[in-house]
Amino acid sequence: MFKLHYNTRVCFFRHLKVSIGYTIEAAYPSLSRATSKSVVVDGKSYAEDEYTNVTPKILSFIGINNHNRCGHPLNLFKQRLVEFFYDHFKGRTGNPIFSIYDKINPVVTTNENFDSLLVPADHPSRNKTDSYYLNKTHMLRAHCTAHQSELIKMGLDNFVVFGDVYRRDEIDATHYPVFHQADGVHIFTPNELELIYGSNVNVFDRDRNDSNSEKQGVYSEEANEIVTNHLKKTLVTMIQKVFGEEVEYRWVSEYFPFTHPSFELEINYNDQWIEALGCGVIRHEILKNAGAGNRIGWAFGLGLERLAMPFYSIPDIRLFWSKDSGFLNQFQNLPKDGRVKYKPISIYPQCINDISFWLPKEKSFCSNDFYELVGNYGGQLVEQVKLIDQFKHPKTGNVSHCYRIVYRHLERTLSQAEVNEVHKLIEINATQILGVKLR
């Protein structure tokens, strides 16, 4: 599950291998491309078309699976969530009723990522400026909720999916085009609701009234209230299990196409309110299309990095991709309930360079295209890219953007000469690939 606005059975048990059948220039949507070119992921070829915008750099992240790497902070945080669901939900025999999936291929169809979840056809999250497409019909998942309908169709009622997700976004200490999510689903039969409530429950509203701000029209007020309360109680207990029972929290009403009513859970941690997760009652249409139309259920989604960063006091999201032993060794050999506060290896100074250019008139320009280009050519040296100024010439109508690029290496001090060399490479390729004119 993911926040659908922006300022936010597949192969289970094998690792992915990626090969790339095109040049870096071909990765940008503004360029023309030969129809014979293709993208190959895990041995499967996807023919390029006008939608293809995934880059070799992004494809290189597939198969790393930090959430499954033993001793990695994301894996440690994931295990806390897994243990909660295993301990909190058990069947009559004492076995866990929740199943965990953490090796699902990140390549999904656009139907799985959008249509099956009732995402409107004109929603901005579908744009090439916001998502990574292999071609018109296949993409890298933008959220793990993309697997929800398929798993329900397979007869699963209770599950959590962990995986890497891909979104085109700005670059800063808390944003990165590749991150990790956990998405969970809990579906109830009428009998299961009765066990919770203690008496007979009518799941559906016989009058089928229209939906309102509190519930979907198809469900009875009674069933909606039971499921909503069960959802909130479960997720608050999960957060308290991780961050401590004393953690302050609050619920905020939200909108998601795939749930109603929908909520965000925020926690006050270190005197700062953090969006912990999104959740809600699953849309009946989704359940019906997946063969579970006689049931009701809830779903939630959260970002592992978003919560692991404050939990371990990790200041920069790029650190989760670090191979430096000084970072990784801090999380090795921890006891089951162990927790460590990240200690910076050292603090290296920033190097700041600005770049100004006129936008092209002959084709469209999107800031996310520039962010992507900076990420491709600046790599891990880039800490932040930010649009700091816009100007429209009063006579010519030409539009100018000025971006501030902050460079900082995680493991050593950068020289200005090194930064200037990378910055020059960005300038050259911004001109050639995006068609901008430097000022």
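The values are calculated or read from the model by the stated rules, or taken from the named source; none is laboratory data. Worth saying up front: this structure is predicted, and the values here are computed from it rather than measured. Quick reminder, even Gly has a Cβ in these numbers, built from the backbone with ideal geometry, and neighbours come from all protein chains shown. Side chains included, ligands, DNA and RNA excluded: accessible areas come from the protein's heavy atoms. Shrake-Rupley method; radii C 1.70, N 1.55, O 1.52, S 1.80 Å.
Computed quantities for the displayed model
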read-out	value
Loop chymotrypsin sites (Phe, Trp or Tyr not before Pro), the stretch 50-109 (other Cβ atoms within 10 Å of the site Cβ: 15 or fewer; DSSP)	89
Cα-based Rg of the stretch 199-265 normalised by 2.2 N^0.38 Å, two decimals	1.30
Volume in Å³ per residue [convex hull over Cα atoms, computed for the stretch 71-144]	144
For the stretch 309-351, alpha-carbon Rg and Dmax in angstrom	11.3, 40
Value of relative contact order over the stretch 335-439, rounded to a whole percent, pairs C-alpha under 8 Å and six or more apart	39
Peptides ranked, highest mean first, by Cβ atoms within 10 Å: ranges 391-404, 410-423	410-423, 391-404
Carbon and sulfur %, accessible surface of the chain computed with the full protein complex present, 1.4 Å	47
Surface/4 estimate of mean projected area, convex hull on alpha-carbon atoms of the stretch 293-439, nm²	15.0
Dipole of the chain, positive direction: furthest Cα of 296, 39, 140, with charges on the beta-carbon	39
Gap separating the Cα centres of the stretch 132-147 and the stretch 302-359, nearest whole Å	27
Enclosed volume per residue, in Å³, of the convex hull spanned by Cα atoms of the chain	167
Listed residue pairs exceeding 26 Å between alpha carbons, taken from 241/341; 78/128; 128/288; 44/386; 361/395; 153/241	78/128; 128/288; 44/386; 153/241
Expected 222 nm ellipticity per residue - DSSP helices of 4 or more, -39500 (n - 2.57), all of the chain, to 500	-7500 deg cm²/dmol
Computed over the stretch 33-156, Cα set: Rg, Dmax in Å	17.4, 58
Qualifying trypsin sites (Lys or Arg not before Pro) in the stretch 253-345, DSSP loop, other Cβ atoms within 10 Å at most 10	323, 336, 341
Where labels lie 7 Å past Cα in the beta-carbon direction, separation of residue 88 and residue 232 in nm	1.5
Mean accessible surface per residue for the chain, computed with a 1.4 Å probe while every protein chain stays in place, in Å²	45
Ellipsoid equivalent to the stretch 165-321 - semi-axes via the Cα gyration tensor, in Å	33, 18, 13
Normalised contact order of the stretch 150-306, rounded percent, pairs of Cα under 8 Å and 6 or more residues apart	24
